[in-house]
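Q: A single structure is presented below for examination.
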Amino acid sequence: MKAVKWGIIGVAGHFLLRVAKPISESPIINILAIASRSREKAKEAANTYNIPKVYTNYQDILKDKEIEAVYIPLPNNMHYEWIKKAADAGKHILCEKPLCLTFDEVKEVIDYTNKKGVLLMEAFMYKFHPQWLKVKEVVTRNEIGKVQSIHTRFFYFDTNPDSIHNQLELGGGALRDIGCYGISVPRFILGKEPKRVLSLIYRDKEFKVDSLTTGLLDFGDVQSIFTVSIQTDSFQEVNIHGTEGNISIKLPFNMYPDVPSDVAISTNIGIRNPKPGPADQYKLEFEAFSEAVRGLKDIPIPPEDALNNQKVIDALFKSEEIFNWVNL
């Protein structure tokens, strides 16, 4: 397969820390250009990862006719604008989660990219890691019986006032940044949507963003709960309980790429640890999307998945307002 030529819109810390190195080493990914409003940041990233072209204007990277696909790791409030601009330029788009800030915005960009004939995908990288493919397989084969409960916890500590996570106008807060995983996981594992949701949200008194959020998702015959925080000591874990066993994923989202994962599957026979991996979930994500760009495979995560996830996010914020359940 001929490598897909990519442009990176924004020198985000997430991109530099987790994404740049693995995708720069892929034979089917060619990072052709990177754009930042800071020339120094763009040049430094370009030099580190051998990126040929540097732009100091996001629009200029879209004018580059060689670029086929773009990755958007910008602050959440900028996704809507730059998805549409990228679509206008005929670029396929992999955008960080959440795709936009509201259900209506997500629906609009999906319709817009469809009309422009470009691919659009929300970057939920965890779905590509072998540990989650194994978990999905175990659940599908009914090894733990009928799933009854899914419990997700995801925490980190950030009280920096300059952080995008602590700026309400940028779409910050725990629910949008990491609560989206607590919504995505049960939807992914169960293959269906919740019927109603309830939230308990605490907002930081200075930043006004939700710093501690719990969501209860009612799937009818399955219940799922998640708690996320951006002001709690770093921790993450997912537990899935069925009628005949349970699964524990010790590092579900920020799995290290160079060691096997820690998945424990417990049934009446005993406990086993299959240890899927090592694997780099970001490399797998970009490669899968690149294969879709080449028409070799269908898009791995259709944009409608982002729409359904956003519907739940909106409903949880609505639940905060009315302090009650919200039907979906």
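Q: Post the alpha-carbon centroid distance, segment 141-175 to segment 200-247, in whole angstrom.
A: Each part's Cα centre sits 7 Å from the other's.
Q: Measuring from a point 7 Å past the Cα of residue 304 along Cα-to-C-beta, which residues in segment 81-114 have an amide N at less than 13 Å?
A: 111
Q: Then there's this: May I ask you to derive the FRET efficiency for residue 21 and residue 234 from their Cβ-Cβ distance with R0 = 25 Å, giving the value to the nearest 0.05?
A: Calculated value: 0.70.
Q: When the Kirkwood hydrodynamic radius is evaluated over all pairs of different C-alpha atoms of segment 181-280, what value in angstrom, to one decimal, is obtained?
A: 15.5
Q: Over all distinct Cα pairs, what is the inverse of the mean 1/r for the chain, reported as the Kirkwood hydrodynamic radius in Å?
A: In the chain this quantity evaluates to 20.4 Å.
Q: Still on this model: For a label point 7 angstrom out from the Cα of residue 256 toward its Cβ, which stretches of segment 274-313 have the backbone nitrogen within less than 13 Å?
A: The answer is 278-279.
Q: Hey, another quick one. From the phi angles alone, apply the Karplus equation (6.51, -1.76, 1.60; θ = phi - 60°) to segment 120-126 and give each ³J(HN,Hα) in whole Hz, x where the residue is Gly or Pro.
A: In residue order, the calculated couplings are 9, 9, 7, 7, 9, 5, 4 Hz.
Q: May I ask you to compute the full-extension gain from residue 192 to residue 322, defined as 0.36 nm times their residue separation minus their alpha-carbon distance, rounded to one decimal in nm?
A: Gain on extension, residue 192 to residue 322, equals 44.3 nm.
Q: What is the extension gain from residue 48 to residue 115, computed as 0.36 nm multiplied by their sequence separation minus the C-alpha to C-alpha distance, in nm to one decimal?
A: In short, 20.4 nm is gained.
Q: May I pose another question? Based on the mean of other beta carbon atoms within 10 Å per residue, what is the order of 108-121, 240-253, most packed first? Before the final figure, lay out each step's value.
A: Numbers: 108-121: 17.4, 240-253: 19.0.
Those peptides, ordered most packed to least, come out 240-253, 108-121.
Q: What do you get when you divide the Cα radius of gyration of segment 192-251 by 2.2 N^0.38 Å, with N the number of residues?
A: Segment 192-251 yields a ratio of 1.36.
Q: Using +1 at the Cβ of each Lys and Arg and -1 at the Cβ of each Asp and Glu in the chain, identify which of 87, 179, 109 lies farthest towards the dipole's positive end.
A: 87
Q: Compute the normalised compactness of segment 4-123: alpha-carbon radius of gyration over 2.2 N^0.38 Å, N being the residue count.
A: On the way: Rg = 13.4 Å, N = 120, 2.2 N^0.38 = 13.6 Å.
Relative to the rule-of-thumb radius for its length, segment 4-123 sits at 0.99.
Q: Could you work out the relative contact order of the chain, using alpha carbon pairs under 8 angstrom and six or more residues apart, expressed as a whole percent? Please report the intermediate quantities before stating the final value.
A: On the way: 703 pairs, mean separation 59.2, N = 328.
For the chain, the relative contact order is 18 percent.
Q: Taking a quarter of the surface of the convex hull around the Cα atoms of segment 227-309, what do you get in nm²? Walk me through the numbers before you get to the answer.
A: On the way: hull surface 33.1 nm².
With the hull built on Cα positions only, its mean projection is 8.3 nm².
Q: So how do 312-320, 24-32 stack up, highest first, on mean other-Cβ count within 10 Å?
A: With the highest mean Cβ count within 10 Å placed first, the list reads 312-320, 24-32.
Q: Moving on to the next point. What's the exposure ranking of 255, 1, going from fewest to most Cβ atoms within 10 Å?
A: Taking fewest neighbouring Cβ atoms as first place, the list is 1, 255.
Q: If the cut-off is 13 Å between C-alpha atoms, which aspartates and glutamates fall inside it for residue 208, apart from same-chain ones fewer than 8 positions away?
A: 169
Q: How big, on average over all directions, is the shadow cast by the Cα convex hull of segment 123-243, in nm²?
A: One quarter of the hull surface, i.e. the mean projection, equals 7.8 nm².
Q: Tell me, in nm to one decimal, what length is gained between residue 218 and residue 162 on full extension, where the rule is 0.36 nm per residue of separation less the Cα-Cα distance?
A: Net length gain for the segment: 16.6 nm.
Throughout, read-outs are computed from the coordinates displayed, never taken from laboratory work. Just so it is clear, the model here is predicted, and its values are computed rather than measured. Note that each Cβ is placed from the backbone with ideal geometry, even for glycine, and that neighbours are counted across all protein chains shown.
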